[in-house]
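Each value in this text was obtained by applying a stated rule to the coordinates, not by laboratory testing. Since we're looking at a predicted model, the values are computed, not measured. Cβ: placed from backbone, ideal geometry, glycine included. Neighbour counts: every protein chain shown.
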Amino acid sequence: MTISRRVSGLLACVAICGCTTTGGVATAPAHDNMDSVTWLQSSTEYAAVTTGIYATATAQLREIANSDENRTRSMAVVLDIDETVLDNSRYQGQLLLDDATYNSESWDAWVALRAAGAVPGVVEFIRTSQSLGVHVAFITNRPCLVRENTPGACPQAEDTLVNLEGVGVDTRSTTLYLMSDEPSDRCRALLTEAELNDGKWSSDKTSRRECVRLDHDIVMLFGDQLGDFTELGSGSSKEPGRDIAAKYAEYWGTSWFMLPNPTYGGWKPRDSGEKRSRIRAID
Ligand SMILES: [Mg+2]
């Protein structure tokens, strides 16, 4: 079954109930994400921004690798997956066409397709990192979920690795940490108090970063959400706000690299609400 059919089937009621009728012809209502998805998929500007971010990081990583000959520990770069390495805008586009919203079932069907593209610039960055001997670790909040007719507790890990290989990433020497996966014995002691209950990684990426740090010095972090860099952006229902960005000003563009994602994130209101409550205007 294609993602289109699955999403359509699952959310047929939403699609039908969400339509308006004009002269007897059903038309889909305007959707908040239309411009965002179009920008990601079609604009030169998006590709220019992400290519520039990864080119800047590549130049800085070369400098770090060539300047510190006394380093005794291996270096690592840590990347989030979605909208940092893999481009899921086709999933977002399908939701738009189906007049649907995100849900875990349609998302998992998309992950199983292993068909996401690469964010422009990232494949070259990863190749350079590996050629410099820098370890590449992926920390993602793609969840491990048991899937019908698929063996194993976390088929999403294999899906993600195959998808990464498909866009040109050599995953053989990389490490991948998924949400709700079980930590290795060495990293189990790093689970936070909140994670101890079920013994699995939570959406807070802090403990997984600590797991990477057992063997490596993390020299760069890449993400599209604040939680990819600090625990302050994890698990909060409230957007942390720009004062947090200012607090970490010295890191942005030097060791922390934020990728643009206009399609979803903690910044986005959970419901459409009144325009005036969402934006600032002149009066
Ligand atoms: Mg992401």
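A compact table of results
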{"item": "Restricting segment 169-262 to GluC sites (Glu not before Pro) in coil, as DSSP defines it, with at most 10 other Cβ within 10 Å", "result": "250"}
{"item": "Those trypsin sites (Lys or Arg not before Pro) in segment 170-215 that DSSP places in a loop and that have at most 12 other beta carbons within 10 Å", "result": "172, 186"}
{"item": "Neighbour cut-off at most 10 other Cβ (10 Å), DSSP loop, trypsin sites (Lys or Arg not before Pro), segment 80-135", "result": "none"}
{"item": "Peptides ranked, highest mean first, by Cβ atoms within 10 Å: ranges 54-67, 98-111", "result": "98-111, 54-67"}
{"item": "Greater than 23 Å apart at Cα, pairs in 247/275; 205/247; 205/268", "result": "247/275"}
